[in-house]
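J.: For reference, the structure I am asking about is given below.
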Amino acid sequence: MNADVIIVGGGITGSSIAYGLAQRNQRVIVLDGEDHDYRASRANFGLVWVQGKGANMPDYQLWSRRSSQRWSDFARELFDVTGQDLHFEQRGGLVFCLNDEELEARRTSLQKLHQKLGDDSADWEMIERSDVETLMPGVKLGSEVCGASLGHRDGHANPLRLLSALQAGIQKLGGTILSTRVQTIQRDGGGFSLETGRERYSAQRIVIAAGIGSQALGEQVGLGVPLRPQRGQILVTERLIPILPLPASGLRQTREGSVMIGATHEDVGFDVSTTGLAAAKLSARALRVIPALADAKLVRQWAGLRVITPDGCPVYAQSKCHPGAFIALCHSGVTLAAVHAEIIAQAIVDGELPSSLKVFNQRRFNVPQAA
Ligand SMILES: Cc1cc2nc3c(=O)[nH]c(=O)nc-3n(C[C@H](O)[C@H](O)[C@H](O)COP(=O)(O)OP(=O)(O)OC[C@H]3O[C@@H](n4cnc5c(N)ncnc54)[C@H](O)[C@@H]3O)c2cc1C
C-alpha cells in the first residue's frame with residue numbers, strides 16, 4: 001500500500017499528527033502495533049497542563065502554552081468533523097499545597113521558571129486556602145490544605161474520547177488505520193518501505209510516533225533516542241455528584257462524575273502491574289486534600305508507561321541521513337495534541353520543521369561522554 005505519509009504508532013501523538021495531515025489532504029496510513037503493546041494513550045490522566053512545564057527547558061513551557069491556546073479550537077474542529085465531544089474544559093488547574101514548605105517550594109519553582117522566560121505574565125498565581133474554598137464551594141478541604149498554585153492556562157479533557165475522535169477523524173478524512181507492527185524501515189527510491197513481516201507499505205515520508213517502541217525504529221533511520229519507561233498508576237472512584245469544578249495535579253473529576261486520583265512516577269522498567277502500595281499512597285494524599293473521598297468506592301486502578309526522553313522534554317526531528325523520516329516523542333501527548341495536529345503536521349507537509357523547534361532535536365542527547 002502506498003501513501004504520502006505513513007505514521008508508525010496510532011496513540012494520541014501519532015493520531016494527532018495523522019489527523020492534521022489528513023486535514024491537509026495528505027494520503028495517510030497509520031500502522032498501529034499489536035494488542036499487547038504498551039499504550040500510554042489508554043492509561044493517562046487527561047490533563048491539558050501548562051503550569052510548571054519546562055523547568056529545565058523553557059521552550060517546552062512556550063510550546064505547551066501554544067498548544068493550550070489552540071486546544072479549544074482544536075476540540076471544536078474535531079467535534080465538527082466527528083460529532084464527538086472531548087469533554088474539554090479550560091478554567092484553570094490547581095496544585096494543592098499541604099504545608100507552608102510545599103507552598104513556598106511551589107512558588108519558588110514557578111517564579112524561577114518565569115524568570116528564565118523573562119516574563120511575569122499573569123498566567124499563574126499562588127492562592128490561599130480561602131481562595132481555594134471560594135473556587136471549590138462543593139468540597140470541604142482537609143485541615144492541612146494551606147493553599148495552591150493556580151495555572152490559568154490549564155484544563156482537562158477525556159483522553160479516550162480524544163483518541164477515539166482523532167482516529168474517527170483520520171478515517172473520515174480518507175486516512176487508513178491498520179493494526180500491525182512495523183519491523184524494518186528501508187530507503188526505497190525517493191521514499192521509504194516499511195515491512196511488517198506480512199506486508200510492505202511505501203510512502204514518501206514517514207513519522208515515527210510509536211511511543212516507547214520508537215527507539216528501535218528510530219535507530220534504523222538515524223533517529224535513535226534513548227527512551228525510558230516510567231510507570232504511572234491511577235485510581236478511579238465511582239461516579240459522584242460534581243464536587244471538583246477545576247482539575248488538579250493528581251485529582252480531577254470527569255464529566256461523568258468519577259474522581260481520578262493519580263499518578264505515581266515509578267522507575268520499574270516495563271512492569272505494568274498495579275500495586276497496593278501505590279493505591280495506599282495515592283489515596284492517602286487525596287484524603288488529606290478532600291477527606292470526604294473516604295466515603296467513595298474505588299472502582300478501578302490501572303498502570304501505564306510514560307515515554308520519557310533523557311531530559312523529559314519532547315523530541316521532534318527529521319533524519320539528516322534519511323530526509324523524509326521524522327520522529328515525534330513526548331510524555332504530554334494530550335496537552336500537545338493541538339500543536340501536533342497543526343504545527344507538526346504542517347511541518348511534515350513542508351518537509352521541514354520550523355527553526356523554532358530546533359531546540360527539540362534529538363541531537364541534543366549526543367553529548368560526548370567525558371573520558
Ligand atoms: C499514568 C499516565 C498519566 C499521564 N497523564 C497525562 C496527562 O494528564 N496529560 C498529558 O498530556 N499526558 C499524560 N500522559 C502521557 C500521554 O498519555 C502520552 O504522552 C500520550 O498518550 C501520547 O502517547 P504516544 O502516542 O506517544 O504513545 P502510545 O500511546 O504509547 O502509542 C504508541 C503506539 O505505537 C504503537 N507501536 C509501538 N511499536 C510499534 C511498531 N513497531 N509498529 C507499529 N506500531 C507500534 C503502539 O501499539 C501504540 O499504539 C500520561 C501518561 C501516563 C502513563
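Values quoted throughout were computed directly from the atomic coordinates according to the rules given, and no laboratory measurement underlies them. Everything quoted here is computed from the prediction, not taken from an experiment. Counting neighbours? That spans all protein chains shown, and the Cβs are built from the backbone with ideal geometry, glycine included.
J.: Return the tail of the calculated pair distribution for region 59-99, meaning the percent of Cα-Cα pairs more than 13 Å apart.
T.: 64 percent
J.: If I stretch the segment between residue 108 and residue 239 completely, what's the gain in nm (0.36 nm per residue apart, minus their alpha carbon distance), one decimal?
T.: 43.5 nm
J.: Apply the Debye scattering formula to region 135-190, with a single equal point scatterer on each alpha-carbon and no solvent, then give log10 I(q)/I(0) at q = 0.23, 0.26, 0.29 Å⁻¹.
T.: Once normalised to I(0) and log-transformed, intensities are -1.08, -1.12, -1.15.
J.: Still on this structure: Considering only the chain, what is the antiparallel percent among its DSSP beta bridges, to the nearest 5?
T.: That works out to approximately 75 percent antiparallel.
J.: May I ask you to derive the FRET efficiency for residue 311 and residue 219 from their Cβ-Cβ distance with R0 = 22 Å, giving the value to the nearest 0.05?
T.: That pair, residue 311 with residue 219, gives E of 0.70.
J.: Name the residues of region 18-46 whose amide N is less than 15 Å from a point 7 angstrom out from the Cα of residue 196 along the C-beta direction?
T.: Residues passing the 15 Å test: 28-37.
J.: Hand me the trypsin sites (Lys or Arg not before Pro) from region 147-212 located in a DSSP loop with no more than 16 other Cβ atoms within 10 Å, in residue order please.
T.: 181, 198
J.: Taking the Cβ of residue 202 as the center, what net charge do the other residues with Cβ under 12 Å away carry, scoring Lys and Arg +1 and Asp and Glu -1?
T.: Residues close to residue 202 contribute a combined charge of 0.
J.: Also, I was wondering about something else. Rounded to the nearest 20 Debye, what is the dipole magnitude of region 56-98 about its Cα centre when Lys and Arg each give +1 and Asp and Glu each give -1 at the C-beta?
T.: 200 debye
J.: Now for a separate question. Mind checking region 220-308 for trypsin sites (Lys or Arg not before Pro) that DSSP puts in a loop (not H, G, I, E or B) and that have at most 14 other Cβ atoms within 10 Å?
T.: 297
J.: Here's a follow-up. Taking the Cβ of each residue in 146, 321, 330, 313 as the centre, tally the other Cβ atoms inside 10 Å and list the residues starting with the fewest.
T.: The fewest-first ordering by Cβ neighbours comes to 321, 146, 313, 330.
J.: Now a separate question. How high is the relative contact order of region 296-371? Use alpha-carbon pairs under 8 Å, at least six apart in sequence, and give a whole percent.
T.: Relative contact order, region 296-371: 31 percent.
J.: Something else now. Relative to the longest principal axis of the chain, what angle (0 to 90°, nearest 10) does the C-alpha long axis of helix 58-82 take?
T.: Approximately 80 degrees, to the nearest 10.
J.: Starting from the 7 Å offset along Cα-to-Cβ, what nm value, one decimal, do you get for the label separation of residue 320 and residue 117?
T.: 3.1 nm
J.: A further question on this structure: Determine, from the Cβ-Cβ distance of residue 366 and residue 270 and an R0 of 35 Å, the FRET efficiency 1/(1 + (r/R0)^6), rounded to the nearest 0.05.
T.: Given R0 = 35 Å and the Cβ-Cβ separation, E is 0.90.
J.: Please report, in Å, the Rg and the Dmax of region 215-357, where both are computed over Cα atoms only.
T.: Cα only, region 215-357: 19.2, 59 Å (Rg, Dmax).
J.: If you don't mind, there's one more thing I want to ask. Would you mind ranking 134, 180, 237 so that the residue whose beta carbon has the fewest other beta carbons within 10 Å leads the list?
T.: 134, 180, 237
J.: Helix 100-117: angle to the longest alpha-carbon principal axis of the chain, degrees 0 to 90, nearest 10?
T.: Here the helix axis deviates by roughly 40 degrees.
J.: Normalised by the empirical 2.2 N^0.38 Å for globular proteins, what value does the Cα Rg of the chain take?
T.: Here the answer is 1.00, to two decimals.
J.: Convex hull over the Cα atoms of region 146-299, averaged projected area in nm²?
T.: Computing the convex hull of the Cα atoms and averaging its projections yields 13.3 nm².
J.: Sort 272, 182 so the one with the fewest other Cβ atoms within 10 Å of its own Cβ comes first.
T.: Starting with the residue having the fewest Cβ neighbours, the order is 272, 182.
J.: Do you know the Lys pair count in the chain for C-alpha distances under 18 Å, with sequence separation 8 or more or different chains?
T.: 4
J.: Same structure, new question: After finding the eigenvalues of the alpha carbon gyration tensor for region 93-152, what semi-axes result from the square roots of 5 times each, listed largest first in whole Å?
T.: After scaling each eigenvalue by five and taking roots: 23, 13, 6 Å.
J.: Here's another thing I want to ask about it. If you average the sequence gap of Cα pairs under 8 Å that are 6 or more apart and divide by the length of the chain, what percent do you get for the contact order?
T.: 25 percent
J.: Once you treat every alpha carbon in region 228-308 as an equal point and sum by Debye, what is log10 I(q)/I(0) at q = 0.17, 0.25 Å⁻¹?
T.: For region 228-308 at q = 0.17, 0.25 Å⁻¹, log10 I(q)/I(0) is -0.65, -1.19.
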